[in-house]
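To keep things clear, I will list the structure first and then write my remarks on it.
Where a number appears in this text, it was derived from the coordinates with a stated rule and is not lab data. All figures in this text were calculated on a predicted structure; none of them were measured in a lab. Note: ideal-geometry Cβ built from the backbone for every residue, glycine included; neighbour counts use all protein chains shown.
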Amino acid sequence: MTLHLYDAASRSLREFVPIREGEASVYLCGATPQTTPHIGHVRSGVAFDILRRWLLAKGLDVAFVRNITDIDDKILAKAAENGRPWWEWVATHEREFDRAYEALGVLPPSVEPRATGHITQMVDYMQRLIDAGFAYAAEGSVYFDMAAWAAAPQGDYGAISGNRPEELRDAADPQGEGAVRGKRGQADFALWKAAKPGEPSWPTPWGPGRPGWHLECSAMATWYLGAEFDIHGGGLDLRFPHHENENAQSHAAGDAFARYWLHNGWVTMSGEKMSKSLGNVLSVPAILEAVRPVELRYYLGSAHYRSMLEYSPEALQEAAAGYRRIESFVQRVLDSIYDGVPRDFPVGTPTTSFVEALDDDLGVPAALAELHTAVRAGNAALAAGDTAAAAESGASVRAMAGVLGIDPLDPHWLQDSAGGADAAMSALGSLVGSELERRREARKNKDFATADAIRDRLSEAGIEVEDTADGQRWSLADPARDGERE
């Protein structure tokens with residue numbers, strides 16, 4: 001089976017055929033850094049990181065662009081509310097998003113353009129639209145002419161969301177009682193906003209101002225990926241009006257633009273979208289006090305990307321336990337077969353069922369089920385002393401986990417364990433390992449008194465030691481066994 005993706009524009013599952021053989025081009029609507037990121041913000045990053053990793057696993061060279069909207073109404077309002085310069089406010093929260101993506105193992109984009117760095121491209125784009133008769137300047141602003149586009153033979157507004165131009169009303173003038181700053185039609189949207197006192201502005205042929213939200217993505221996507229590219233992604237909330245307006249203005253300018261439109265579902269609480277306005281925001285730093293970064297990534301990526309992910313502390317902990325089962329198996333194979341040396345532990349190939357699951361519109365739930373099936377088979381092989389079968393399962397598990405970004409032996413997670421929230425556990429592991437090595441030598445020399453004394457000291461310190469066919473195993477004496485290291 002080849003990769004099939006659900007395309008919002010055609011409302012169908014379509015075979016993914018890249019424009020250029022051996023390459024894939026992806027544009028993802030990224031952050032508007034106006035506040036500390038919550039898990040709803042970063043779910044999109046994790047979902048499309050899995051897509052990217054799967055494209056890479058299939059041998060494609062992936063150009064991945066994720067933008068930053070660094071100027072908009074919300075940013076200006078938040079900065080003013082807190083008495084900070086808008087640019088400082090953006091930079092502060094942009095760094096917070098960077099830390100969140102890095103913590104969750106999201107691969108850095110090929111490029112991460114900012115809206116304010118592409119004013120020249122936006123001016124060129126507006127001029128093209130004006131020359132084509134689909135945009136006009138009015139009192140320093142520039143608007144997309146919805147009526148002109150709707151009347152054009154190629155006009156396709158509503159292709160993504162189903163919303164028709166005649167059904168739209170401007171939020172600033174919902175009753176249609178008068179033009180807003182020279183607008184011709186209620187459905188026309190701003191490509192460029194005329195300068196206001198106290199707001200930042202940039203010069204254009206039509207007067208100083210700042211970008212409209214939708215224009216920036218068309219200008220940046222085509223600047224980096226070309227007039228036509230493979231995949232445009234973002235959250236479900238961006239489907240309308242943002243992606244619909246992007247699609248319209250890009251086609252009106254003569255660009256073929258995105259061939260596939262993908263949208264990830266929200267993180268919800270009590271059935272409602274997680275958002276600042278609902279007061280149900282859970283920041284990434286706060287969640288990482290409850291679980292490790294790799295466990296949060298497992299949770300955010302565990303549901304199908306198009307489905308809603310209902311948050312609860314219980315669901316989060318259940319996901320963390322699911323990841324720890326994978327981690328425990330990989331650690332057992334590492335210790336019993338590869339003498340604890342990660343570089344000696346090979347990465348194999350995913351199973352056929354895993355491949356089929358991800359090729360079916362990134363079916364992560366089915367892929368995870370296959371991953372856990374391989375873990376159970378590997379544990380059974382270890383219990384039976386079949387090291388060859390266990391090694392084969394371990395290599396396959398690493399391959400599948402790697403595609404999902406959760407391979408326990410990935411250098412990112414090993415580094416995180418050594419220098420992040422698990423630093424104390426890593427240090428404890430080194431100390432316990434030394435004691436267990438002394439105990440192993442004592443038992444080898446039949447000095448059972450010393451061996452028992454070491455075990456008793458560890459037990460008094462809350463560390464349980466178990467002698468198995470694979471050697472000594474230790475864990476913290478905790479009923480939940482959250483600190484288990486095998």
Task: Nonlocal amide H pairs with Leu282, under 5 Å, H built at 1.01 Å - done: Ile39, Gly40
Task: Peptide ranges 41-48, 89-96 listed from the most packed, as the mean C-beta count within 10 angstrom indicates - done: 41-48, 89-96
Task: Cα-based helix-to-principal-axis angle, 213-225 vs the chain, degrees rounded to 10 - done: 70 degrees
- [ ] Working from Cα positions, state the angle (0 to 90°, nearest 10) between the long axis of helix 387-403 and the longest principal axis of the chain.
- [x] 20 degrees
TODO: Quickly rank 289-301, 203-215 as a protection proxy: mean count of other C-beta atoms within 10 Å, highest first.
DONE: 289-301, 203-215
- [ ] Given the peptides 348-360, 183-195, arrange them by the average over their residues of other C-beta atoms within 10 Å, most packed first.
- [x] 183-195, 348-360
- [ ] Would you mind counting up the charge near Leu300? Only other residues with Cβ under 11 Å from its Cβ, with Lys and Arg at +1 and Asp and Glu at -1.
- [x] 0
Task: segment 4-264: C-alpha gyration tensor shape, a/c 1.5 cut-off, then a/b vs b/c - done: oblate
Task: Fraction of antiparallel bridges per DSSP, the chain only, in percent to nearest 5 - done: 55 percent
Task: From phi via Karplus (6.51, -1.76, 1.60), per-residue ³J(HN,Hα) for segment 26-40 in Hz, x at Gly/Pro - done: 10, 10, 10, 5, x, 7, 10, x, 10, 7, 5, x, 10, 5, x
TODO: For segment 374-383, just list the computed ³J(HN,Hα) in residue order, Karplus coefficients 6.51, -1.76 and 1.60, θ = phi - 60°, integers in Hz, with x standing in for Gly and Pro.
DONE: 5, 5, 5, 5, x, 5, 5, 5, 4, 4
- [ ] List the relative contact order of the chain as a percent without decimals, with contacts defined as Cα pairs under 8 Å and 6+ residues apart.
- [x] 15 percent
Open item on the list: Using only Cα atoms and rounding to the nearest 10 degrees, what angle (0 to 90) does helix 423-444 make with the longest principal axis of the chain?
Closed with: 20 degrees
- [ ] In debye, nearest 20, what is the charge dipole magnitude of the chain about its Cα centre with +1 on Lys and Arg Cβ and -1 on Asp and Glu Cβ, if you could check?
- [x] 400 debye
Open item on the list: If you take every residue apart from Met220 with its C-beta less than 13 Å away from the C-beta of Met220, what net charge results, scoring Lys and Arg +1 and Asp and Glu -1?
Closed with: -4
